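Structure record follows, encoded as structure tokens.
Read the figures in this text as sums done on the coordinates, not as results from a lab. All figures in this text were calculated on a predicted structure; none of them were measured in a lab. Here the Cβ positions follow ideal geometry from the backbone for every residue, glycine too, while neighbour counts run over all protein chains shown.
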Amino acid sequence: MNKIEVISRRILGWKLNRWYDPEKGGFIYDFNPHENLEHALLIVERLKNLGYTYTEKGNYEVCFNEVCEAGKTLPEAITNAAFSLADNSTIADEWL
């Protein structure tokens, strides 16, 4: 799975290849949080709802609790941090 699939499934709880957001009641077309700030902020909101603290360190570095990552843009930094969090299975299964 690529970063978008990992984040979509493990953090947002979406079904693979069906980018439907049940909280908003609609489909997310061309979901690309790596480049789209609006899409990246969906990840931030979801993780905040799950109890994670979001902080920005500088222009293009963000943290979810102690997991920090950087990127060339803010959306890329958010995506990288979320992927690091999800890929390391630090999100409790009962949250998914």
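With 21 Å as the limit on Cα-Cα distance, the pairs of LYS24/LYS72; LYS24/LYS48; LYS24/LYS57 that go past it are LYS24/LYS72; LYS24/LYS57. Rg/Rh, computed from the Cα trace of the range 32-87 with Rh as the Kirkwood radius, has the value 0.91.
Projected label points at ASN65 and LEU37, each 7 Å from Cα along the beta carbon direction, are separated by 2.8 nanometres. Counting Lys and Arg as +1 and Asp and Glu as -1 over every other residue whose Cβ lies under 13 Å from the Cβ of SER84, the net charge comes to -3. Would you pull out the residues with amide H under 5 Å of ASP21's amide H, same chain only if 5 or more places away, H placed 1.01 Å from N? Correct list: GLY26, PHE27, ILE28. Put simply, when 73-80, 52-59 are sorted by average Cβ atoms within 10 angstrom per residue, most first, you get 73-80, 52-59.
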